[in-house]
Amino acid sequence: MGIGKSLNILIVVAALGSLGWLISQRLAEQFEDVPRQQRSTRAVPVEVEQIVNGRMNQIRSFTGTLDANQEFIVSAKVSGRVEEVTVDLADRVGRNQIVARLDNAEYRQALTQSEADLAVARANLAEAESLLKIADRELVRVNTLRERGVSSESEQDTIRANQLARAAHLDVTQAQVTRATAAVETARIRLGYSNVTASWQGGNDHRIVAERYVDEGSTVGINEPLLRVVEMDQLIAVFYVTERDYGLLKPSQKVSLETDAYTNEVFEGHIARIAPVFRASTRQAKVELKVENTDLRLKPGMFVRIRVILESIEQATIVPEAALVTRDEKTGVFMLNPDGASVRWQPVEPGIREGRRVQVMANRVLEGSVITLGQQLLDDASSVTVQSSLQ
């Protein structure tokens, strides 16, 4: 609702209030010299409205802000110069989609170097395996000669020591191959990180780019944000409640929302979570709503007005709020008698309110009409003249 429209409404409300006051003043001046006990013999001009029975809702209104249901910050896992950003603001992004590319020349070179080191390690392993086989055969030959008494014990010890050294060398070269293999895998992973992906977990498979932090040519560091992507198929509305309303709210309660972006249009939602603690600084508790947004019309950050139905009564006795008056510290209404020329006082107990309507409870079934204007001048059994409007 615009400022101009709000101002016009305020002017109209003020004018109606002034008119009502003037009417009451004229009626008061007309009857101020009449003793109360004599007023029942003089007809008072009044307006009436019909008592109705129907559904009544107790509603609370709050203000809040829309937030994204889920969001993900896309960041670089390696440093480098941004060569390309493949998406822009408001673009749709799929899970694991490449959204940016970094200069990867250094990472490709590192992978080539690692692969060369792996090739050398494997060659050394092959050589070590061959030397160990030779040492094994030599040890077998010396042992045979020793059994025949041809070879000395010292020669046998020397050959055995050589065989053990070759076996140890083989273990070392096998470890070198394992390390070189790991280095190749690391280099390959770092090279893959030069393609930055939007790899979020959970939620929907598609999101929207909400913010873009870098452009082509920028130099980014490790874990530096590039994009913020948000899930908008479902939004969260956040508002805060005081202790008075806290106990009336519960999860799954339905709510309606309005926003200035779409005037005279109502969106539906429900309470998802209610904070179990109050903020010490404000004495308020946080409440989160889930709002379906399949058409993506609502946006995170929008200001919303929230209406929560706290209680519903299917068959309520409803009167205008203006009909309620107080007599002798009791609340009641003046009801128009069947003759249409007099009223009777009926004590009532007000219940829930909805706009300018009030649910009332009494010791009897209420039917007919109640006085909504001029009741300040009435007593029980006062005479009245029903008018459609007062001039």
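The values are calculated or read from the model by the stated rules, or taken from the named source; none is laboratory data. In this text the structure is predicted, and so the values were computed from the model without any measurement. We place every Cβ from the backbone using ideal geometry, glycine too, and count neighbours over all the protein chains shown.
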Whichever residue in segment 191-244 is out of contact with any helix residue (DSSP H, G or I) (no Cβ under 8 Å at 6 or more places or on another chain) and in a helix (DSSP H, G or I) and, among such residues, is surrounded by the fewest Cβ atoms within 10 Å (Cβ to Cβ)
R244
Any residue at all in segment 171-182 that's small (G, A, S), within 30 Å of E224 (Cα to Cα) and either in contact with a Ser or Thr (Cβ under 8 Å, 6 or more places away or on another chain) or surrounded by 13 or more Cβ atoms within 10 Å (Cβ to Cβ) (or both)?
yes
Residues that are in contact with a Gly (Cβ under 7 Å, 6 or more places away or on another chain) and in contact (Cβ under 8 Å) with a residue 40 or more places away in the chain: does segment 347-357 have at least one?
no
Residue check: is V365 among the aliphatic types (A, V, I, L, M) and not in a strand (DSSP E or B)?
yes
Selection count where residues are touching a Lys or Arg at 6+ places or on another chain (Cβ under 8 Å) and among the hydrophobic types (A, V, I, L, M, F, W, C), scope segment 340-371
1
For residues that are modelled with pLDDT under 80 and either in the same structural domain as V266 (by TED's automatic domain parsing) or surrounded by 16 or more Cβ atoms within 10 Å (Cβ to Cβ) (or both), tally how many sit in segment 30-77.
3
Out of all the residues in segment 93-114, which are among the charged types (D, E, K, R) and assigned to a helix (DSSP H, G or I)?
E106, R108
Among residues of segment 240-265 being aliphatic (A, V, I, L, M) and within 18 Å of the chain's Cα centre (by Cα), the residue farthest from V308 (Cα to Cα) is V241
